[in-house]
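The values are calculated or read from the model by the stated rules, or taken from the named source; none is laboratory data. On a predicted model such as this, the values are computed, not experimentally measured, just so you know. Methodologically, a virtual Cβ is constructed for each residue, glycine included, from the backbone with ideal geometry; neighbour enumeration extends over all protein chains shown. Only protein heavy atoms, including side chains, enter the accessible area calculation; ligands, DNA and RNA are left aside. Shrake-Rupley method; radii C 1.70, N 1.55, O 1.52, S 1.80 Å.
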Amino acid sequence: MDTPRQKHLVLILAREFASNLSTPTLIADEGGRLVFYNEAAAAVTGTPFAEIGEVPLDEWTASFVPRTLDDDVADPAPAERRPTRIALDERRPSHERFLITSRDGVEREVEISAFPLFAHADEFIGIVAIFWRT
Amino acid sequence: MRVTIWGCRGSLATPGVETVRYGGNTSCVEVSTSDERTALVLDAGTGIRRLGLELVERGIEHVHLCLTHLHLDHLEGLRFFAPLWDERVTLDVWGPPSPVVTLRERIARSFSPPLFPIDLRRVPARVSFRDIPREPWAIDGVTLSAELVMHPGPTVGFRIEEGGATLAYLPDHEPALVGPIAERTRDWLSGGSIAADADVLLHDAQYFADEYDDRIGWGHSSVEDAVTYAHMVGARRLVLFHHEPDRGDSSLERLGAQARLLAAEGESEPVLAREGMVLELA
């Protein structure tokens, strides 16, 4: 087939769900590719999804220079501390607090909850991550 | 490829004088294969009963039955499918997988009291149950692909290719549930790669637009959405399928006329599916 394969139905449904949320939400596929984030997430990150397009999630998250806030001291966040990476690699929910620098240069404190998506046949489809502004 | 429609009514079989022209049997479509002793059948609505009688007459030995989903109108004819009661027949039933209950177990429910007196284990044919694979597979020179599509419960659409001809079968489908169809790229459109550039698209068109407004989320399409969908996926010919049970022949013809008005200039005119219709795809 010349046409790109249809995204898994669960991702299509997740995207529609996220599109209608005022909570910042992103979706990545099972290969760790960012496939969508909503307008609320764009307000946090500083760029609409349409301008970014589908990119590797790690590359995209690294661009915000995430820092962990252990004991309220900001340290660079290793990839293995990122909830999105944990949800992708270990396929379990994860939560963490970070300091990020948005594209508009504004420093923001956010909490991120990420969880894996499994389809009907226990098939791993990708992840959803929700940002909570603190 | 020769495609024969044995049933195209949605939801409930509707025999009667008001449905004579387009038929009252529920979903069942036969697709020809290169081996005349093998049959490829899509869905087991009540239309499969008459098909079964003909298959026995033809001396068919192997039937591949591909189920889009297990709602009753796509399964209720299986118990009266003559090849199932013929010990010389091998029947492979393909259906959407579930992590909880096997395909066999789900279908066996309809072969048990109080719904039916004879247990599935007692049917004479050699029956096997197969989860539909995520990747394309082949049956006697025909290539099949399936994707989960928008409809309540696990439901797939089928793409069937043979010798350069492509049939897309999406009998129960509500792509507009997740937003305007025309604003989606094909990869974000439910069934987008199944229906892409198909020679013939059999697609749900159960409702007029005003009827659909009260039935959003029921898993079916308005005629407007069916026409828009066919345009977006580049289907060459749209066959309107899964007719609303309350719709008689004359009401169906009004729906068909509306579809023709909605079709873009230069595109082939949509047609209404009817029992006995044979589509030759080259």
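In this structure, does residue B:110 turn out to be hydroxyl-bearing (Ser, Thr, Tyr), within 29 Å of residue B:243 (Cα to Cα) and part of a loop (DSSP other than H, G, I, E, B)?
No: the conditions fail for residue B:110.
Say we look at the range B:130-150 and pick out the residues that are within 14 Å of chain A (Cβ to nearest Cβ) and closer than 23 Å to residue B:83 by Cα; which of these is least open to solvent (accessible area, probe 1.4 Å)?
Kept after step one, since they are within 14 Å of chain A (Cβ to nearest Cβ), are these residues of the range B:130-150: B:130-136, B:143-150.
Narrowing the set further to residues that are closer than 23 Å to residue B:83 by Cα leaves B:130-132, B:144.
On the way: B:130: 99, B:131: 84, B:132: 17, B:144: 0 Å².
In this case the residue turns out to be B:144.
Among the residues of the range B:143-152, what is the count of those that are touching a residue at least 24 places away in the same chain (Cβ under 8 Å) and farther than 19 Å from residue B:28 by Cβ? So that I can check it myself, show each step before the final result.
First, pick out the residues of the range B:143-152 that are touching a residue at least 24 places away in the same chain (Cβ under 8 Å): B:144-152.
Those still in the list that are farther than 19 Å from residue B:28 by Cβ too: B:145, B:147-148, B:150, B:152.
The qualifying residues number 5.
Inside the range B:186-201, can you point out the residues that are open to solvent by less than 10 Å² (accessible area, probe 1.4 Å) and without any contact (Cβ under 8 Å) to a residue 60 or more places away in the chain? Full working, then the answer.
First, the residues of the range B:186-201 that are open to solvent by less than 10 Å² (accessible area, probe 1.4 Å): B:189-196, B:198, B:200-201.
Result: B:189, B:190, B:191, B:192, B:193, B:194, B:195, B:196, B:198, B:201.
Being in a helix (DSSP H, G or I), more than 14 Å from chain B (Cβ to nearest Cβ) and open to solvent by 40 Å² or more (accessible area, probe 1.4 Å) narrows it down to one of A:85, A:97, A:15, so name that one. It would help to see each step written out before you state the result.
Working: A:97 fails: in a helix (DSSP H, G or I); A:15 fails: more than 14 Å from chain B (Cβ to nearest Cβ).
Every option except A:85 fails the conditions.
Does at least one position in the range A:52-70 carry a residue that is within 14 Å of the chain's Cα centre (by Cα) and within 14 Å of another protein chain (Cβ to nearest Cβ)?
Yes: the range A:52-70 contains one or more residues that are within 14 Å of the chain's Cα centre (by Cα) and within 14 Å of another protein chain (Cβ to nearest Cβ).
Quick one: residue B:11 ticks every box in (1) touching a residue at least 60 places away in the same chain (Cβ under 8 Å); (2) surrounded by fewer than 19 Cβ atoms within 10 Å (Cβ to Cβ) bar one, so which box is it?
Here residue B:11 meets the rest and fails (2).
Conditions first: (1) at pLDDT 90 or above; (2) assigned to a helix (DSSP H, G or I); (3) open to solvent by 60 Å² or more (accessible area, probe 1.4 Å). Residue A:41 passes all but one, so which condition is the exception?
(3)
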